[in-house]
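Student: This is the structure I have questions about; it appears just below.
The values are calculated or read from the model by the stated rules, or taken from the named source; none is laboratory data. The structure presented is a predicted model; accordingly, all values stated were derived computationally and were not measured. Neighbour counts are summed over all protein chains in view; Cβ atoms, including those assigned to glycine, are modelled from backbone coordinates with ideal geometry.
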Amino acid sequence: MSNLTELTISESLEKLRAKEISPVELTEAYIKKLEDNKKYNAYVTTVPEKALEQAKESEKRYMSGANKPLDGIVLGIKDLFCTKDIRTTACSKIIDNFVPQYESTVTQNLLDDGAVFLGKLNLDEFAMGGSNETSYFGPVVNPWSKDVKLVAGGSSGGSAAAVSANMCAGATGTDTGGSIRQPSAFCGVTGIKPTYGRCSRYGVIAFASSLDQAGPICKDVRDCALMLNSMAGFDEKDATSARVDVPNFESFLGQDIRGLKIGIPNEYRPDGLNEEIANYWDKAIEMMKEKGAEIVNISLPHTKYALPCYYVIAPAEASSNLARYDGIRFGNRVNGKNMEELHINTRSSGFGKEVKRRILVGTYVLSAGFYDAYYLKAQKVRRLIKNDFDEAFKKCDVILTPTSPIEAFAIGDKKMNESPINMYLNDVFTVSVNLAGLPALSLPIGLSKNGLPLGMQFIGKAFDEKTIFKASYQLEKSVNFKRI
Amino acid sequence: MAEYILESANGEKWEVICGLEIHCQIISKSKIFSSASTKFGEDANECVSFVDVAMPGMLPVLNMECVKQAVKTGLGLNAKINKYSQFSRKNYFYPDLPQGYQITQEKHPIIGEGKVFVDLSDGSVKEIGIERIHIEQDTGKSIHDIDPSRSFIDYNRAGVGLMEIVTKPDFRSPEEAGGFLRKLRSIVRYLGTCDGNMDEGSLRCDASVSIRKVGETGFRPRCEIKNVNSVKFAMQAIEAEAKRQLEIYENGGSFEQESRQFDPTTGTTKYMRKKEYAHEYRQFPDPDLPPLVLTDEFIEEVRNELVELPDAKKKRYVENMGLTAYDASVICENKEVAEFFEEASLGHDAKKVANWLMGDFFAMLNKKGVDIKNSPVSAKNLGKLVELISKDVISGKIAKDVFEIMVNTGDDPEKIVEEKGLKQVTDTSAIEAIVDEIIANNPDNVASYKAGKNNLLGWFVGQVMKQSQGKANPGVVNKLLKEKLD
């Protein structure tokens, strides 16, 4: 029954609750799929036996009627979430054999709701990258690839590819500058980066602490709502997690959107924007109009500074966050004649090129004499970007933009690898959301002429994911995207 | 105040400028950003959480107990409490610094300017300005002396809360710095915010020293003497460093700002490293910790928990209890001593209690090598002993014997006096009989006395006291002898 893996989470739950299928049966189907789809390199660690044990426990709960909200649902976990007794690597050589003795709050929440973990998903090293090519374990292959192997996007490339190729029902992702939304767009799946503070960062390996936020990648909007409900919530172990109630997101799906004001930012339609993407954007606007939404033109004037601002702040925080990988207490160590050499050897050998680049940039922008010109200036720009959104949301309820200016490209693409800037430019529609700490969801809008998925994103007010869910559910219905 | 002036070979007068930075380990059950215990003396790496060793994905969560302690200290040092403060990261690599950065407060410390009053030996009081106090995490401890080729690290201390107290460059002599350290230690102990044990490292001091010619304005380069671990060494280090600098200037030399170390065995300071500014700490606000915002209610709550501090106590002892300023400040320096004193003097003559406390009692503690908490003589019993003297039940001399017994047995002095029959004899007729007997048995001395050797009166008193086994009231003895002999 291989089509079990094609079910959405909500469809699976229905069948599980009706006892039409069992958690063990479901888990076995995914394990099979995992074997069949190894070519995508989506998983870096699999724990099928553990998953089956969890499935058996789940089965008992269904039999006794003590089943939980996500009981028996098979998930993949981005390998940035620490999972107790399961190797967690951040896809970096420096901790490629690290086994945490603790569980991240988000994954613990999912376990508490009965989820089954199949394994750990590939990502760009320490989530630094937009194509999954910086992973120590090699790039993820986009399941939509035809003749040429395409990237799955990044950094949550493994998560998006695994969901897209039915290797799990849903996956966790993290989004620092677009790392949930961009791979979701590339792989034709749906992913939401919640408001900063919505999900606990405890146990999530840090990239840039003020930007990192965990969220789900799923087959559709409803699944994202279900999964986010389980992942989210205040956590006293994370001082930046928000004491804000988590509404039942699913209850907003299907709600009427007549009169909903949808903002369209002028600045997101620069000259030379990919025509296909521009057309799909127009199409999405039309679809929302048909549903009775009101379209409002808005301005986010500081958008053009978002990328440079992001590429100062994120590396600055990363350079400090990654200082703990020094070969002393855990992870790999390369010895030297003295302490300083040990540090240098360990870090030189353990970190990949892109991570080193960002550590260098981050160290530079925080240095005495450069701090004011870079880091402090970037913080001020960040405030202006946030103010832009505050102003815009006085006129609209939710903002609609493309997720990425391009479709998935070939692994090893010459232009992308020529200069890191070319790769960074792909984040142009996503990073300002992180800088402002806002929630945003990407969903498939259709296929390009090359037959590759493209995505649209809804950006919401802080802690107003419910409006995003409401709007995207309606767009999803209109689009009726055909998954793999 | 006596000036502390150095004189160079050519007769120029130089003064010392000194400021202190004191790291105080905060008394709290758990560490400043984790729930691990702060217990001292546990086995290596027993008090360590995943946060303390900076495991991937671990996050700091501020322990409000440490915040409260810092606020309390600020209030105790008459300082401004900043309702908005911020944590920052000070980045550098060292094996005993697990995160690769220390969480501290740079631009926005929790406590602002304050002041401390220091009593000097000549009876004057010097005001020392506090620049700021910020809170931060301690590092682990590198251990290099277990194995010749390997180093070890104990992370028990990593993440313990510290208060860094920075003074203004207000010290002009080693004595002022020493007095300040003692006063500060006394205050934090009173407050219960730091145990102040310099030898255990729970209070560590860095001293910045420069000198300048008397009359010069502005400052010359300074050197920082790191990690001095006793008040005495701090004073010696400042003096030694000032003299070293003077010698350089005398020889027409100059020097750069640098960190130095005091070596107590040679009594000199030696070069450690170029001053911090050569370091690159890349400080920036810690994105894991939101700014710390204190409410007025919180600050008031802490203020209400404040105990009476040494300055206020001293004032009360002098004004209400009749103690001398010197006695009062000695007793107040140590909270336990002050508590003992207050208990002992309750209902009794406070001045006499103070005399006993600072005389025989301290001498006894010293001799026995015990601290006041373990004194064999309780405060209540010391008070009773003084009361027995005041009421003429026993003489001062007998009291010393009683005290001896109290030290050995811990007994109540009333009981001792009763059991041993040491009550002073004030019955005139009983004493008169002894006086008569002594006069009758010593006609020669009586004759000499009458011939003008007045100082023989003391000899007669002594004889009577001896005969009465010390129990005769010396006043009565004196009076009777004079009556009979004159």
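Student: Given (1) within 14 Å of chain A (Cβ to nearest Cβ); (2) modelled with pLDDT of 95 or more, where does B:Ile133 come up short, assuming only one miss?
Tutor: With (1) within 14 Å of chain A (Cβ to nearest Cβ); (2) modelled with pLDDT of 95 or more applied to B:Ile133, the lone miss is (1).
Student: If only one of A:Lys237, A:Lys291 is under 24 Å from A:Glu465 (Cβ atoms), away from every other protein chain (no Cβ under 14 Å), basic (Lys, Arg) and touching a residue at least 60 places away in the same chain (Cβ under 8 Å), which one is it?
Tutor: From the options A:Lys237, A:Lys291, the qualifying one is A:Lys291.
Student: Looking at segment A:306-313, can you tell me whether even one residue there is among the aromatic types (Phe, Trp, Tyr), in contact (Cβ under 8 Å) with a residue 12 or more places away in the chain, surrounded by fewer than 24 Cβ atoms within 10 Å (Cβ to Cβ) and touching a Phe, Trp or Tyr at 6+ places or on another chain (Cβ under 7 Å)?
Tutor: Checking segment A:306-313: at least one residue is among the aromatic types (Phe, Trp, Tyr), in contact (Cβ under 8 Å) with a residue 12 or more places away in the chain, surrounded by fewer than 24 Cβ atoms within 10 Å (Cβ to Cβ) and touching a Phe, Trp or Tyr at 6+ places or on another chain (Cβ under 7 Å).
Student: Sort through B:Phe33, B:Phe50, B:Phe87, B:Phe40 and tell me the only one that's hydrophobic (A, V, I, L, M, F, W, C) and closer than 21 Å to A:Thr363 by Cα.
Tutor: B:Phe87
Student: Inspect all residues belonging to segment A:250-258 and state whether any of them is at pLDDT 95 or above and over 30 Å from A:Asp113 (Cβ atoms).
Tutor: So far as segment A:250-258 goes, yes, one or more of its residues are at pLDDT 95 or above and over 30 Å from A:Asp113 (Cβ atoms).
Student: Also, quick follow-up: Please find, within segment B:405-433, the residue that is nearest to B:Lys471 (Cα to Cα) out of those that are at pLDDT below 90 and among the β-branched types (Val, Ile, Thr).
Tutor: B:Val425
Student: Let me ask something else about it. Just need a number here: residues in segment A:319-353 that are farther than 24 Å from B:Leu59 by Cβ, surrounded by fewer than 19 Cβ atoms within 10 Å (Cβ to Cβ) and more than 9 Å from every other protein chain (Cβ to nearest Cβ).
Tutor: 12
Student: Continuing with the same structure: Identify, please: which residue in segment A:195-205 is in a loop (DSSP other than H, G, I, E, B) and at the interface with chain B (Cβ under 7 Å from one of its Cβ atoms) and is, among those, surrounded by the fewest Cβ atoms within 10 Å (Cβ to Cβ)?
Tutor: A:Tyr202
Student: Still on this model: Can you tell me how many residues in segment A:138-164 are of a type in the set (Gly, Ala, Ser) and in contact with an Asp or Glu (Cβ under 6 Å, 6 or more places away or on another chain)?
Tutor: Final tally of qualifying residues: 2.
Student: Could you grab me the full set of residues in segment A:16-72 that are aliphatic (A, V, I, L, M) and in contact with a Phe, Trp or Tyr (Cβ under 9 Å, 6 or more places away or on another chain)?
Tutor: A:Leu16, A:Leu34, A:Val44, A:Val47, A:Ala51
Student: I'm trying to understand the selection: among the residues of segment A:238-295, which are in contact with a Cys (Cβ under 9 Å, 6 or more places away or on another chain) and basic (Lys, Arg)?
Tutor: A:Lys261
Student: Which number in (1) part of a helix (DSSP H, G or I); (2) touching a residue at least 12 places away in the same chain (Cβ under 8 Å) marks the one condition that A:Met63 misses?
Tutor: Failing condition for A:Met63: (2).
Student: From the residues in segment A:356-384 that are in contact (Cβ under 8 Å) with a residue 60 or more places away in the chain and away from chain B (no Cβ under 14 Å), which one is farthest from A:Gly437 (Cα to Cα)?
Tutor: Filtering segment A:356-384 for residues that are in contact (Cβ under 8 Å) with a residue 60 or more places away in the chain and away from chain B (no Cβ under 14 Å), the one farthest from A:Gly437 (Cα to Cα) comes out as A:Arg357.
Student: Across segment B:373-387, what is the number of residues that are buried (at least 17 other Cβ atoms within 10 Å of the Cβ) and within 22 Å of the chain's Cα centre (by Cα)?
Tutor: Of the residues in that region, 2 qualify.
Student: Can I ask one more? Restricting segment B:38-54 to residues that are over 19 Å from A:Arg324 (Cβ atoms) and touching a strand residue (DSSP E or B) at 6+ places or on another chain (Cβ under 8 Å), which is farthest from the other protein chains (Cβ to nearest Cβ)?
Tutor: B:Thr38
Student: While we're here: Based on this model, can you work out whether B:Ser85 counts as closer than 27 Å to A:Asn321 by Cα and at the interface with another protein chain (Cβ under 10 Å from one of its Cβ atoms)?
Tutor: Judged against the criteria, B:Ser85 is not a match.
Student: For a quick check of your reading of the model, give me the residue pairs whose first member lies in segment B:334-351 and is more than 12 Å from B:Val386 (Cβ to Cβ), whose second is of a type in the set (Ser, Thr, Tyr) and assigned to a helix (DSSP H, G or I), with beta-carbon atoms closer than 6 Å and at least 6 apart or on different chains.
Tutor: Sorted first by the residue in segment B:334-351, then by its partner, the pairs are B:Lys335/B:Tyr190.
Student: If B:Asn91 meets every condition in (1) facing chain A (nearest Cβ under 9 Å); (2) in contact with a strand residue (DSSP E or B) (Cβ under 7 Å, 6 or more places away or on another chain); (3) among the polar types (S, T, N, Q); (4) within 25 Å of B:Glu200 (Cα to Cα) apart from one, which number is that one?
Tutor: (4)
Student: Considering only segment A:206-226, state which residues are outside any helix (DSSP H, G or I), charged (D, E, K, R) and either more than 14 Å from chain B (Cβ to nearest Cβ) or under 25 Å from A:Ser145 (Cα atoms) (or both).
Tutor: Correct list: A:Lys219, A:Asp220.
Student: While we're on this one: Any idea which of (1) outside any loop (DSSP other than H, G, I, E, B); (2) more than 14 Å from chain A (Cβ to nearest Cβ); (3) touching a Lys or Arg at 6+ places or on another chain (Cβ under 8 Å) is the one B:Ile103 doesn't satisfy?
Tutor: B:Ile103 satisfies all of (1) outside any loop (DSSP other than H, G, I, E, B); (2) more than 14 Å from chain A (Cβ to nearest Cβ); (3) touching a Lys or Arg at 6+ places or on another chain (Cβ under 8 Å) except (2).
Student: Kindly provide the set of residues from segment B:103-120 that are free of Cβ contacts under 8 Å to residues at least 60 places away in the same chain and within 22 Å of the chain's Cα centre (by Cα), ordered by number.
Tutor: Selection gives B:Gly114, B:Lys115.
Student: Tell me which of these B:Ser35 doesn't satisfy, since it passes every other one: (1) in a strand (DSSP E or B); (2) out of contact with any Gly (no Cβ under 6 Å at 6 or more places or on another chain).
Tutor: (1)
Student: Next question. Quick check on segment B:141-167: of everything there that is assigned to a loop (DSSP other than H, G, I, E, B) and in contact (Cβ under 8 Å) with a residue 24 or more places away in the chain, which residue is farthest from B:Asp52 (Cα to Cα)?
Tutor: For segment B:141-167, the residue satisfying everything is B:Ser151.
Student: Need a quick list: helices (runs of 4 or more DSSP H) entirely within segment A:250-367 having at least 2 residues that are touching a Pro at 6+ places or on another chain (Cβ under 7 Å).
Tutor: It comes to A:275-290, A:353-366.
Student: Considering only segment B:396-453, state which residues are assigned to a helix (DSSP H, G or I) and among the basic types (Lys, Arg).
Tutor: Of everything in segment B:396-453, those that are assigned to a helix (DSSP H, G or I) and among the basic types (Lys, Arg) turn out to be B:Lys397, B:Lys400, B:Lys415, B:Lys420, B:Lys450.
Student: Separate question: Are any residues in segment B:204-258 of a type in the set (A, V, I, L, M, F, W, C) and surrounded by fewer than 16 Cβ atoms within 10 Å (Cβ to Cβ), and if so, which ones?
Tutor: B:Val214, B:Phe219, B:Ile248, B:Phe255
Student: Considering segment B:48-72 alone, what residues qualify as being hydrophobic (A, V, I, L, M, F, W, C) and more than 29 Å from the chain's Cα centre (by Cα)?
Tutor: If the condition is that a residue be hydrophobic (A, V, I, L, M, F, W, C) and more than 29 Å from the chain's Cα centre (by Cα), then B:Val48, B:Phe50, B:Val51, B:Val53, B:Ala54, B:Met55, B:Met58, B:Leu59, B:Val61, B:Leu62 are the ones that fit.
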